[in-house]
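Have a look at the structure below before the remarks.
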Amino acid sequence: MKVASILLMSVLLLAAGPVSGAVAATDGTTAVGSGSGVFPAGTTFNGIALNGSTFGIGVLVNLDGSAVGDVEIVLAGTSSSGQPQYIAVEGKAATGSVNPDGSVTIGGTANVDMGDGTPGLPSVPFSVTLTTQGLQLAIGTVSLPTQTLSEGAVTIQ
C-alpha cells in the first residue's frame with residue numbers, strides 16, 4: 001500500500017508542477033519525480049539483497065542551500081530466508097544543492113522501516129542525488145550504488 005501512496009503523491013507533485021508562489025519567489029530549483037529504479041547485481045543494505053526501488057520525491061532547493069519537501073523510497077529486496085522484503089525510507093529534506101552536472105543532491109533525516117517487523121529507526125541522516133536517469137541514495141553511513149531509472153521520470157528545473 002505504501003508504494004501506491006508514494007506513486008500517487010508523485011503523480012500529484014508532477015501534475016502540480018513547479019509553478020507556485022513559493023517557488024517563484026525563491027528562484028530555487030525543484031526536483032520532482034516518481035518511478036522505479038534498478039540496482040546493480042550484488043547490492044545489499046543491512047544484509048538484505050536489493051534489486052530495485054520505487055520512489056516519490058518532491059523537493060524545492062533554495063539558493064541559500066536549504067531545502068523543503070519529501071523523499072519516499074521503498075527499497076525492494078530479498079531477506080536471507082528468500083522472502084521479499086521492502087525497506088521504507090521516508091525523509092524530510094533540509095538541505096540541497098544543484099551540482100555542476102545538473103543533478104540535485106538533497107539531504108535531511110528519514111525514518112527507516114526495515115519491513116521485517118522490528119521497530120523503525122527515526123531521524124536517520126540521508127542524502128539522495130537525482131538525475132534524469134536515476135538516483136543515488138545514502139542512508140546513515142551506507143552509500144548505495146546508483147539506481148538506473150526503469151520507469152517513471154525525474155524533472156529538475
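The values are calculated or read from the model by the stated rules, or taken from the named source; none is laboratory data. Quantities reported herein were computed from a predicted structural model and do not represent experimental measurements. Cβ coordinates were reconstructed from backbone atoms using ideal geometry, including for glycine residues, and neighbour counts include every protein chain displayed.
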Quick one: residue 117 ticks every box in (1) in a strand (DSSP E or B); (2) surrounded by fewer than 17 Cβ atoms within 10 Å (Cβ to Cβ) bar one, so which box is it?
(1)
Within region 120-142, residues closer than 15 Å to residue 53 by Cα and assigned to a strand (DSSP E or B) come out as 128, 129, 130, 134, 135, 136, 137, 138, 139
Within region 58-95, residues being under 20 Å from residue 121 (Cα atoms) and hydrophobic (A, V, I, L, M, F, W, C) number 10
Return the residue satisfying two criteria in turn: it lies in region 111-124 and is in contact with a Gly (Cβ under 6 Å, 6 or more places away or on another chain) and not hydrophobic (A, V, I, L, M, F, W, C), and of such residues it is nearest to residue 74 (Cα to Cα).
113
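Name the residue that is nearest to the chain's Cα centre (by Cα), counting only residues in region 36-47 that are under 16 Å from residue 141 (Cα atoms) and surrounded by 17 or more Cβ atoms within 10 Å (Cβ to Cβ).
My answer is 45.
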Taking region 51-102 as the search range and keeping residues that are closer than 19 Å to residue 41 by Cβ and free of Cβ contacts under 8 Å to residues at least 24 places away in the same chain, which one is surrounded by the fewest Cβ atoms within 10 Å (Cβ to Cβ)?
82
Residues of region 143-157 being part of a strand (DSSP E or B), touching a Gly at 6+ places or on another chain (Cβ under 9 Å) and either within 16 Å of residue 39 (Cβ to Cβ) or of a type in the set (Val, Ile, Thr) (or both), in sequence order, are 147, 148, 149, 150, 151, 152, 154, 155, 156
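For residue 11, state whether it is modelled with pLDDT under 95 and either over 15 Å from the mean Cα position of the chain (by Cα) or in a loop (DSSP other than H, G, I, E, B) (or both). Outline the logic, then answer.
On the way: modelled with pLDDT under 95: yes; either over 15 Å from the mean Cα position of the chain (by Cα) or in a loop (DSSP other than H, G, I, E, B) (or both): no.
Here the answer is no, as residue 11 does not meet what is asked.
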